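What follows is one structure encoded as structure tokens, with my remarks underneath.
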Amino acid sequence: MQKILTPHVYWAQRHGEIYLRVELSDAKNVNISLQEHNTLQFRAQGHGAKGDNEYEFKLEFLESVRPEIKHKSTERQVNIKIKKKEERWWDRLTLQEKKPLFLAPDFDRWLDESDAEMELQAKEEKINKISVESRVRNDPYLGLKKSYLFMYNLVQFLGFSWVFVNMTVRLFILGQDSFYDTFHTTADIMYFCQMMAVLEVINPLLGLVKTGAFPAMIQVAGRNVILFVVFGSLDEMQNKPVVFFVFYLWSTIEIFRYPYYMLACISTEWKMLTWLRYTIWIPLYPLGVIAEAVAVIQSLPIFDETRLFSLPLPEMLGNSLSFSYTLQLYLVFMFLGKTSAHIPPSNLIHFHFQSACQSIFGQDAVIPSCSHYGWAV
């Protein structure tokens, strides 16, 4: 009578599956069955540790498993995959605490619980990314849209870079004297960039990007009021140092923001740029808002004196209503609008900062699409 032997069995698990590797080469007549929802019975003819014989084993699992069992026989082994009934991590494989002598960990597949969770998360992110990409591929104009967004961000990057470099060079050469002629040396390019920025309101309305048009409108309108109304229409404001600080803060923010979106449009990521894009604006944005407020406050007496843009009134109410009252209301709405639309809560800042840091230190990260964050693309 042929002796029945037990093969060597190696195991590993994930939250939803169990993997068994049976060391049995050239296996024939493989019979695998499940009894009472948690007991696996294996029998096969093959070449194992004791030569060509019939081998069998039985495993009573810690918890119930699904009846669908998949196996694949190769020249060297039999691989078995079993799905758990409930997706959770098991402390051990078998119901009995003492491990059977023929059972050992499969270190080729072995992961601890935290590593398995990271693997599961990576798979989910990959599935989500493939799902998004499959939907995106259905857009016949995707290439044209990306080309347009790439060129827009490139042009804006070059424009703000010119302003930033020009102001920086003049600051090193002339020192504080450069504060007083900033407008006359950079206004033309700044006019161009801010007129182009109107497209950032139009893009969401046309469905070219998924971000909202309202935050973009607040940002673009706010800057254009400062540039065209406060600076552009008042000669007295054009020689004030506040122009330097407003332009310098705007350009510093944009020389990191626009290239980030530009590279994202071609599915490219520069990790240091990602980190800078999501950290440098945190101090610079409120400083920019303060500089804009200072510019508005300094322009109020000038509007009162020149009566520029004043609203005519009936004689019984006075000659006219100074435009400075409109700017005072604008100040209130500027702080309320920009704060609600652009300064995120601390947990969102932490999320962006953490994402950037993970990218810097090389952890798995999905490269964001060119419209994933912000309103600029």
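See the values below:
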read-out	value
Residue that is least open to solvent (accessible area, probe 1.4 Å), among those in region 26-40 that are of a type outside the set (D, E, K, R) and over 48 Å from the mean Cα position of the chain (by Cα)	ALA27
ASP115 vs. criteria outside any loop (DSSP other than H, G, I, E, B), out of contact with any Pro (no Cβ under 8 Å at 6 or more places or on another chain) and of a type in the set (Asp, Glu)	yes
Cβ-Cβ under 9 Å pairs, at least 6 apart or on other chains, region 139-159 side assigned by the TED database to the domain that holds PHE256 and touching a residue at least 12 places away in the same chain (Cβ under 8 Å), far side open to solvent by 50 Å² or more (accessible area, probe 1.4 Å) and outside any helix (DSSP H, G or I)	LYS146/ILE266; PHE150/ILE266
Residue check for VAL296: under 27 Å from LEU199 (Cβ atoms), touching a residue at least 60 places away in the same chain (Cβ under 8 Å) and in contact with a Ser or Thr (Cβ under 6 Å, 6 or more places away or on another chain)	no
Restricting region 299-323 to residues that are free of Cβ contacts under 8 Å to residues at least 12 places away in the same chain and part of a helix (DSSP H, G or I), the residue that is farthest from SER233 (Cα to Cα)	MET316
Residue match in region 9-24 (condition: open to solvent by 70 Å² or more (accessible area, probe 1.4 Å), among the basic types (Lys, Arg) and in a strand (DSSP E or B))	no
Residue identified as within 18 Å of the chain's Cα centre (by Cα) and either among the β-branched types (Val, Ile, Thr) or assigned by the TED database to the domain that holds THR326 (or both) among GLU200, GLU269, GLU236	GLU269
Every pair of residues 6+ apart whose Cβ atoms lie under 7 Å, when the first sits in region 107-130 and is over 19 Å from TRP90 (Cβ atoms) while the second is modelled with pLDDT under 75 and open to solvent by 100 Å² or more (accessible area, probe 1.4 Å)	ALA122/ASP364
Filtered residues of region 77-112 (kept if assigned to a loop (DSSP other than H, G, I, E, B), of a type in the set (D, E, K, R) and open to solvent by 20 Å² or more (accessible area, probe 1.4 Å))	LYS85, GLU86, GLU87, ARG88, ASP91, ARG92, GLU97, LYS98, LYS99, ASP108, ARG109, ASP112
Residue within region 299-308 that is under 24 Å from ALA197 (Cβ atoms) and modelled with pLDDT of 90 or more present	yes
Within region 50-75, considering residues that are touching a Phe, Trp or Tyr at 6+ places or on another chain (Cβ under 9 Å) and farther than 22 Å from LEU111 by Cβ, the one most open to solvent (accessible area, probe 1.4 Å)	LYS58
Failed condition for ASN203, given (1) closer than 15 Å to GLY288 by Cα; (2) of a type in the set (S, T, N, Q); (3) touching a residue at least 60 places away in the same chain (Cβ under 8 Å)	(1)
Spans of helices (runs of 4 or more DSSP H) in region 185-282 with at least 2 residues open to solvent by 60 Å² or more (accessible area, probe 1.4 Å) and either modelled with pLDDT under 95 or farther than 22 Å from VAL155 by Cα (or both)	199-205, 213-224, 271-277
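The values are calculated or read from the model by the stated rules, or taken from the named source; none is laboratory data. Since we're looking at a predicted model, the values are computed, not measured. Positions of Cβ are generated from backbone atoms using ideal geometry, with glycine treated the same way; all protein chains shown enter the neighbour counts. These area figures cover heavy atoms from the full protein model, side chains too; ligands, DNA and RNA do not enter into them. Shrake-Rupley method; radii C 1.70, N 1.55, O 1.52, S 1.80 Å.
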